[in-house]
Amino acid sequence: MSREVALAARPQGEPMESDFELRESAPTEPRDGEVLVRNVFVSVDPYMRGRMTGVRTYVPGFEVGDVIDGGAVGRVVASRHDGFAEGDWVSSQLGWREEGIAAGDRLRKLDPLLAPPSTALGVLGMTGFTAWVGLTLIGEAKEGETVYVSGAAGAVGSVAVQIAKLRGLNVIGSAGSPAKVEWLESLGVEAFDYRETAAKDALAGGIDLYFDNVGGEQLEAALSALRPFGRVIACGAISRYNDERAESGPRNLGFVVTKRLRIQGFIVTDHFDRFGDFGDEVGAWVRDGKLTHRETIVDGLENAPAAFAGLFHGDNTGKMLVRVGPDES
Ligand code: NAP
């Protein structure tokens, strides 16, 4: 038997462990074109919170009883697809389960000699790609500009600040603890703890670009600090994901007109045609040691709900992952 985690109830406000159910599932055999995968790492991501409300946005909502699907990496146990053999490392969307069957066409083979497989969920996967797309395609970040990144010690943010540094920008970043601030400073970021210092004070010198992971007060402070013709890369708004009713937006939205600002949202999956360009550039930086990454690893599938809830309390530095099996490559 293998185990899986399903949605037991729609979270009201902050997600709680009682909103999830750990259950067993019977083994099945892959059919033609399919592959049986034993997961090693599964991803917990802020966007999953939106899916739990059941509202369809750019991705369908979860129904109560659904297994939480999402990013995972694991090893092939049995294959009926020509492209995969037993033992191969693959990334998939199998989500919060120990074992699952996927169509081979929906798997990506990983080379553990090039990079540890867990990086396919973080710095070299969806979150790293989000940072690259945001800065490159949406923000069109330019050397010499000043960018402010909120959530800067998280999975997306910590890659965004480093890409921006490598491209010659001045980088300001915020995070929620002294240890995170210290890490960001070691990366050359002008960092502040948003729980101690108001963003409007930290940004008093002005900014050209805002990479928004947090929304709410951070967005409002950034709109005030942006110079004329500044841009907002609207990546996410984690500070609002657990709101039980819609709050009013930034009080200073009028700056969009008077300062001729551009706010552009994006969804990373719209840009998969550029995944190769991202992999070439960021992969080289990672291999050369120019771009570092951290992972916060929680052990045991049964702890996936707590790891997920921890995203909303800042429990992670870098990418939050759940290890559900042995990871020797
Ligand atoms: P993450 O930053 O690794 O984890 C979430 C972090 O958010 C926490 O560690 C916490 O760090 C911070 N946080 C939580 N509640 C907060 C609050 N109320 N105020 C300020 N900070 C808070 O997660 P991620 O996967 O990299 O995602 C970051 C953002 O990108 C999210 O908004 C996510 O939805 C978005 N995203 C968007 C796309 C897209 O396609 N547009 C793709 C991936 C992710 P602190 O300790 O600093 O508080």
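The values are calculated or read from the model by the stated rules, or taken from the named source; none is laboratory data. All of these numbers come straight from a predicted model, not from anything done at the bench. Cβ: placed from backbone, ideal geometry, glycine included. Neighbour counts: every protein chain shown. Side chains are part of the model used for accessible areas, which takes the heavy atoms of the whole protein and leaves out ligands, DNA and RNA. Shrake-Rupley method; radii C 1.70, N 1.55, O 1.52, S 1.80 Å.
Just to be sure, is residue 229 on the phi > 0 side of the Ramachandran plot and either open to solvent by 30 Å² or more (accessible area, probe 1.4 Å) or within 16 Å of the ligand (Cβ to nearest atom) (or both)?
yes
Which ranges mark the strands (runs of 3 or more DSSP E) fully within segment 189-270 that have 1 or more residues being closer than 16 Å to residue 171 by Cα, modelled with pLDDT of 95 or more and aromatic (Phe, Trp, Tyr)?
Answer list for segment 189-270: 190-193, 207-212.
Inside segment 164-183, can you point out the residues that are within 13 Å of residue 147 (Cβ to Cβ) and within 16 Å of the ligand (Cβ to nearest atom)?
164, 171, 172, 173, 174
Counting only residues that are surrounded by fewer than 24 Cβ atoms within 10 Å (Cβ to Cβ), in a strand (DSSP E or B) and not hydrophobic (A, V, I, L, M, F, W, C), how many does segment 109-162 have?
2
Which of the residues that make up segment 177-195 are touching a residue at least 40 places away in the same chain (Cβ under 8 Å) and open to solvent by 20 Å² or more (accessible area, probe 1.4 Å)?
Passing the criteria: 177, 179, 180, 187, 194.
I'm trying to understand the selection: among the residues of segment 118-133, which are farther than 11 Å from residue 157 by Cα, of a type in the set (A, V, I, L, M), in contact with a helix residue (DSSP H, G or I) (Cβ under 8 Å, 6 or more places away or on another chain) and more than 9 Å from the ligand (Cβ to nearest atom)?
Correct list: 121, 124.
Under 7 Å between Cβ atoms, at least 6 apart or on separate chains: pull out the pairs that start in segment 242-266 with a residue that is touching a residue at least 60 places away in the same chain (Cβ under 8 Å) and end on any residue that is open to solvent by 90 Å² or more (accessible area, probe 1.4 Å).
Pairs that qualify, where the first residue is touching a residue at least 60 places away in the same chain (Cβ under 8 Å) and the partner is open to solvent by 90 Å² or more (accessible area, probe 1.4 Å), are 244/12.
May I ask you to list the residues in segment 307-325 that are under 18 Å from residue 40 (Cα atoms) and touching a strand residue (DSSP E or B) at 6+ places or on another chain (Cβ under 7 Å)?
Those that are under 18 Å from residue 40 (Cα atoms) and touching a strand residue (DSSP E or B) at 6+ places or on another chain (Cβ under 7 Å): 307, 319, 320, 321, 322, 323, 324, 325.
Filter segment 242-251 for residues that are surrounded by 14 or more Cβ atoms within 10 Å (Cβ to Cβ) and within 19 Å of residue 200 (Cα to Cα) and give the result.
The answer is 250, and nothing else.
Each row is one residue, and each column tells you yes or no for (1) within 24 Å of residue 139 (Cβ to Cβ); (2) more than 15 Å from the ligand (Cβ to nearest atom); (3) in a helix (DSSP H, G or I); (4) among the acidic types (Asp, Glu).
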| residue | (1), (2), (3), (4) |
| --- | --- |
| 276 | yes, yes, yes, no |
| 280 | yes, yes, yes, yes |
| 286 | yes, yes, yes, no |
| 293 | yes, no, no, no |
| 296 | no, no, no, no |
| 303 | no, yes, yes, no |
| 307 | no, no, yes, no |
| 321 | no, no, no, no |
| 328 | no, yes, no, yes |
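Could you tell me whether any residue of segment 80-87 is touching a residue at least 60 places away in the same chain (Cβ under 8 Å) and not hydroxyl-bearing (Ser, Thr, Tyr)?
Within segment 80-87, none of the residues are touching a residue at least 60 places away in the same chain (Cβ under 8 Å) and not hydroxyl-bearing (Ser, Thr, Tyr).
Test residue 254 against the criterion of being away from the ligand (no atom under 11 Å from the Cβ), not assigned by TED's automatic domain parsing to the domain that holds residue 143 and not acidic (Asp, Glu), and give yes or no.
Here the answer is no, as residue 254 does not meet what is asked.
Which ones in segment 75-108 are aliphatic (A, V, I, L, M) and either surrounded by 21 or more Cβ atoms within 10 Å (Cβ to Cβ) or touching a Pro at 6+ places or on another chain (Cβ under 8 Å) (or both)?
76, 78, 90, 94, 101, 102, 107
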